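See below for the structure under consideration.
The values are calculated or read from the model by the stated rules, or taken from the named source; none is laboratory data. Predicted model only: the values in this text are computed from it and were never measured. Cβ atoms come from the backbone with ideal geometry, glycine included; neighbour counts cover every protein chain shown. Side chains included, ligands, DNA and RNA excluded: accessible areas come from the protein's heavy atoms. Shrake-Rupley method; radii C 1.70, N 1.55, O 1.52, S 1.80 Å.
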Amino acid sequence: MKGLLLVLLIIFTVNIINVTSRENYVKVHFICHSHIDAGWLQTFEGYYESKVKYIVSSVVDHLEKNKERKFIWSEIGYLERWWRVISQDYRDRFTNLLKTGQIEIANGGWVMNDEACPTLDATIRHFTDGHRFIVEHFGKEYLPTTGWQIDPFGHSAVMPYIQAQMGYKHLILNRIHWNYHDAFKRDKNLQFIWRGSPDTLGPKSDIFTHVLDDFYVSPQPLNFEDQYKRSQGTDRLVQNLIQLGTERGKYYESPHVLITLGGDFNYANAEYYFDTIDPMLAEINRKFERGETNIKATYSTMTQFFNETIQWHIDNKVAFNYFDKDFFPYAERHYSWWTGYFTSRPLLKGQSRSVTSKIRSAEIFSALQNQDFFPLIQDASRNCSILQHHDAITGTARADVVDDYARRLNYAENQLNQVLTGSMSNIAVDIAQKALALTPIKDYPDIEYLTLEDKDKGLKPIVIANSLNWPRQDIYSVKLSTSDTSASKCPYFVTLGSDEFQGVPSDCALVSEKRNDLNGKPTVYYYKIDFFVDIPAFGVKTYYLHKSSSQHETVNFVKVSTDIPSKISNEQMAFEISSDNGLVKTVIDLVSTERVSVNQKLMDYADQGGAYIMLAHADAFEPSRSKKVQYYDGQLTKEYHVYYSESNGIESVVKFRIYQTPSIELNKKFHYEFNLQGKQGHTTVNRFATSLKSKYVYSDNGVELHKRDISTDLNQPQNFYYPSISIGMIKDEENEHTLTCIGDRSRGVASMRSGEFEFAIHRKLERDDQKGLDIPPMDGAWISVKTSCYFGPFYSVLKTVRHESLRIEHPLRSYYINSTSPNNAIEFSGINHRLPDNIHILSMEKSLTEDNTYLMRVMNIREEGPPTSFEIDNLLSLNSGTTSLIKQEYTLAHIIPYNSNDISYMINTNISVVDHQQREKINYPPRFTPLQSKSTVSLFPLEIKSFSVAIRKYN
């Protein structure tokens, strides 16, 4: 009897253990993936030929051998490259695996973009390029709902907004500051609702976010690229998995644990992975069913993982907490702050910014005429999208790869020039029956010196184009080469029409300039002609450049002075110049009489970092330099050049410029151009030490400004550098007066002390920072970096700063007409009625699927205030006798109809994952605000809407 009772007790105990094991289970979701860099140690094409083509084909081959196997793919640029050349059989098999759920697309952009350097337009564009490929070849139902940003070096608050407005519900992150990462793991806060814009966009910028508890590569015991790990035997692997599942299960509220199996360019031999994983899964699940472990495991996808995780939280009424900042700067440990790449390879950053802007211009002007340029635009866009990769625009690839990126951009720019010149010529035919042969005038990074030759008959028509949807007033400069080194008058003048009696007031100076960026560093002589232009919105205007034997009455010949001026001024502003370093010392508002000390300096950090990290152990210093100056005191332009030379032969030039024009706002700005070369072992910065009483520094993410801490340790400046897409600013906390500077490319910005503001310009490092590049980034490129600055009250700056940054991001571009006919003038605007100053047409293109239909993205660029409305009917100058109506509202990729993308079922709190304090969560504007009218668009501050506009003839 006692024996029977003992047996029954044992059986009962075993059953209890089995039930307990199953109730307190941990389910491991294996996410099989291969992280594919779009260039890094090899070029994009080099990686494709040596690795990627084998990876995709091998994954297809070995997924088919077991229907339980699953795999996620991210980079569509590489998928398109494989698709382009692979057999139809492989295409069909890949498609079938996608349909059966064995392959799932995550992220789905052309690349896995960096988040600190690309513009808003470039980020949206690369996702759009990827989504279009997915829809074209597989269908809308295979568009991703999960972002997969596992390798960018810090994470921007722009990403939740963009991806939420593209239909994404979830986002995977990896590289966040180690203090955050450790705390999130300890507090089971690796999963949370991320609100990217808590003060302005609110719920529109919400996305459910999961931070990987470890790096994105396979855990060492399960790294099946390693033959030794594969040969350990199933029992040993199961024990390793039980240990992993038990440990990682401690970091989450739910029993669902994500473990990535893969790494950089893994799965070229996919059978190694799958043939090892299959028996391991079978054995651990047998053990689970027998009650021998509480760990079970499965091949999974992001959709499966998130569905099961979120459902557990709903069923168990466990809420997710809240995060409302960004993840910059990223640091993996002490003395490893990834803030150098904000500035690395500035030449490439500038070139990428320029070509991205030209893609937008090409789309807009091609949409205003009838020729189909889409193949050229698409090809250029895809090449430019490769540059948004997190080892491309960041400047963290090897030198030969950087050269390949530059070649891609040059190729794209040539295509876009064909589109722009062809489109403008076609528009001229449409509106004035004039067929024009246009040649683009080079602007960046090359400088073109024009000539008036005998064939020009002393006349060269210049077409100036404005791609913004506001009329644009500015000073335009043209440079004409000359061999005359001592002229006392100007042989050129500008007219609005071909008649010389329609002269435009202009400054003309004979400039001698040493071109350090050219072989042999020659001194070139050229006439620089500055004149005021007023270019219509989405439009062009023609000016004529004339050559004359005598100086025209509208020309002011500006002689050069080699003395440092004590003050440079126009009617609104005055700038006192330091006799010590030749830079600006004090700024005076002549209207209000307010004086602000700025004490500008061009400085260096001794930087022991590499391409990724900045590592300086002391404050920046101003090196000893000799200097020469040139000052051109014109009527329209006051331009001042400081030429520096150091004892080691390092040279640099700082050009300072202000204007005197009919535009008061233009006159208040002061403009810089920094011409310099990377200086070995240093990061070069421009610093203003102002009299403003500031406590923070502001930088922008391409959508809005973020308030950042100023330095608390001058011996660790890298800890307080932040990414700036365009804008940097400090604010006096007492009178709210600001200094704002807007750059022509992304860069790092910082404030080391109250009142100081600095931005990095160039880096040339002599050490590798042990992040995988293995070669010091010896970037000795000569660069020309442009920045515009101004002072103003904070409330006013918030209204105008994005408008000003767009003027720099999308500069006026010019073309000369290859004809001297006086009847070649062209002027037009693509806009019929003026839009509000805070409404920006982010993009406009023809629909690929519907005739007489246009796709538009429109943004309210103001950060605060009420919604702004405008009329869409008759907005575009396309054809007379037509009306335009909104046909369909889309998500940001222009592909699927706009929907609520509701995530409110994911129960959440307003408790911060950072400090566990309650945050004020303002649930306004609502997440879903569809357009209510076919003719009127209303936008909340910072909101972007995407929609199609149908053009119809009046009945």
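Positive end of the dipole of the chain, charges at C-beta (+1 Lys, Arg; -1 Asp, Glu), about the Cα centre: which of Val26, Ser912, Leu518 has its Cα farthest in that direction?
Going by the Cα projections, it comes out as Val26.
Got a number for carbon plus sulfur as a percent of the chain's accessible area, 1.4 Å probe? Working shown, then result.
Working: 16690 of 35080 Å².
So the carbon and sulfur contribution to the accessible surface is 48 percent.
Leaving out ligands and nucleic acids, note down the accessible area per residue over the range 836-953 with a 1.4 angstrom probe, in whole Å².
Accessible area per residue, the range 836-953: 44 Å².
For Lys559, list the aspartates and glutamates whose Cα falls under 13 Å from its own Cα; do not include residues on the same chain fewer than 8 positions away.
Straight-distance partners of Lys559: Asp507, Asp633, Glu639.
Taking the convex hull of the alpha carbon atoms in the range 836-953, what volume per residue do you get, in Å³? Before the final figure, lay out the partial values.
Values: hull volume 15.0 nm³, N = 118.
Roughly 128 Å³ of hull volume per residue.
Gain in length, Gln239 to Gln418, computed as 0.36 nm per residue apart minus the alpha-carbon separation, to one decimal in nm? Could you put the intermediate results ahead of the total?
Working: separation 179, 0.36 × 179 = 64.44 nm, distance 6.21 nm.
Gain on stretching Gln239 to Gln418: 58.2 nm.
Here is the link list: Lys185/Lys317; Lys489/Lys655; Lys53/Lys764; Lys67/Lys317. Which ones come out longer than 27 Å on Cα distance? Show your work: numbers first, answer last.
Details: Lys185/Lys317 20 Å; Lys489/Lys655 23 Å; Lys53/Lys764 35 Å; Lys67/Lys317 34 Å.
Beyond 27 Å between Cα atoms: Lys53/Lys764; Lys67/Lys317.
Hey, if you put +1 on the Cβ of every Lys and Arg and -1 on every Asp and Glu Cβ in the range 421-472, which of Asn426, Ile462, Leu450 ends up farthest toward the positive end of that dipole?
Asn426
Treating only the Cβ atoms of Lys and Arg (+1) and Asp and Glu (-1) as charged, compute the dipole magnitude of the range 560-808 about its Cα centre; round to the nearest 20 debye. Let's see the in-between values first.
Values: 30 positive and 33 negative charges, 70 e Å.
Once rounded to the nearest 20, the dipole reads 340 debye.
Could you order peptides 122-128, 542-548 by the average number of other Cβ atoms within 10 Å of their residues, highest first? Kindly include the intermediate steps, with their values, before the conclusion.
On the way: 122-128: 26.3, 542-548: 19.9.
Per-residue mean Cβ counts within 10 Å order the peptides as 122-128, 542-548.
Once the Cα atoms of helix 53-63 and of the chain are each reduced to a long axis, what angle between those two axes, in degrees from 0 to 90 to the nearest 10, is obtained?
Relative to the chain, helix 53-63 is tipped by roughly 30 degrees.
Under 24 Å between alpha carbons, and skipping anything fewer than 8 positions from Lys846 in its own chain: which lysines qualify?
Straight-distance partners of Lys846: Lys140, Lys358, Lys434, Lys541, Lys887, Lys934, Lys945, Lys953.
Assign one of three labels to the range 727-835, namely rounded, prolate or oblate, based on the Cα gyration tensor with a ≥ b ≥ c the square roots of its eigenvalues; rounded applies when a/c is under 1.5, prolate when it is not and a/b is larger than b/c, and oblate otherwise. Working shown, then result.
Numbers: a/c = 3.17, a/b = 1.28, b/c = 2.48.
Note, shape of the range 727-835 comes out oblate.
So for the chain: antiparallel DSSP bridges make up what percent, rounded to the nearest 5? It would help to have the intermediate numbers written out before the result.
On the way: 164 of 200 bridges.
DSSP beta bridges in the chain are roughly 80 percent antiparallel.
Name the shape class, rounded, prolate or oblate, that the alpha-carbon gyration tensor gives for the range 560-808, where a ≥ b ≥ c are the square roots of its eigenvalues, rounded holds for a/c under 1.5, and otherwise prolate holds if a/b is larger than b/c and oblate otherwise. All intermediate terms of the calculation are to be shown ahead of the outcome.
Numbers: a/c = 1.80, a/b = 1.26, b/c = 1.42.
Since a/c reaches 1.5 but b/c is at least a/b, the shape of the range 560-808 is classed as oblate.
Angle between the Cα long axis of helix 234-248 and the longest principal axis of the chain, 0 to 90 degrees, nearest 10?
The two axes meet at around 60 degrees.
Let me check against my output: what whole-number percent is the relative contact order of the chain, with C-alpha pairs under 8 Å and at least 6 apart? Provide the component values of the computation, followed by the final result.
On the way: 2275 pairs, mean separation 131.2, N = 955.
Taking the mean separation of contacting Cα pairs over the length of the chain, I get 14 percent.
For the range 87-226, what is the accessible area per residue in Å², given a 1.4 Å probe and the full set of protein chains?
Values: 3450 Å² over 140 residues.
Here the per-residue accessible area is 25 Å².
Sort by residue number and report every cysteine in the chain with no other cysteine beta carbon within a distance under 4.7 Å.
Cys with no partner Cβ under 4.7 Å: Cys32, Cys117, Cys384.
If you take the square roots of the eigenvalues of the alpha-carbon gyration tensor of the range 640-741 and sort them as a ≥ b ≥ c, do you get rounded (a/c under 1.5), prolate (a/b over b/c) or oblate? Numbers along the way, then the final one.
Values: a/c = 1.96, a/b = 1.10, b/c = 1.78.
Because a/c hits 1.5 or more and a/b fails to exceed b/c, the range 640-741 counts as oblate.
Treating the beta-carbon of each Lys and Arg as +1 and of each Asp and Glu as -1, no other charges, what is the dipole magnitude of the range 661-751 about its Cα centre, to the nearest 20 debye? Numbers along the way, then the final one.
On the way: 11 positive and 11 negative charges, 51 e Å.
The calculated dipole for the range 661-751 is roughly 240 debye.
Relative to the Cα centre, what is the charge dipole magnitude of the chain, using +1 at the beta carbon of each Lys and Arg, -1 at the beta carbon of each Asp and Glu, and rounding to the nearest 20 debye?
Roughly 520 debye for the chain.
Could you tell me what a quarter of the Cα convex hull surface of the chain works out to, in nm² with one decimal place?
Working: hull surface 172.8 nm².
Taking the Cα atoms of the chain, their convex hull projects to 43.2 nm² on average.
Using only Cα atoms and rounding to the nearest 10 degrees, what angle (0 to 90) does helix 120-137 make with the longest principal axis of the chain?
Once rounded, the angle reads 50 degrees.
Ignoring ligands, DNA and RNA, what accessible area per residue does the range 560-808 give at 1.4 Å, in Å²? Could you put the intermediate results ahead of the total?
On the way: 8570 Å² over 249 residues.
Spelled out: the 1.4 Å probe surface of the range 560-808, per residue, equals 34 Å².
Charges on Cβ only, +1 for Lys and Arg, -1 for Asp and Glu, centred on the Cα centroid of the chain; of Met752, Leu590, Pro836, which one is farthest towards the dipole's positive end?
So the residue furthest toward the plus end is Pro836.
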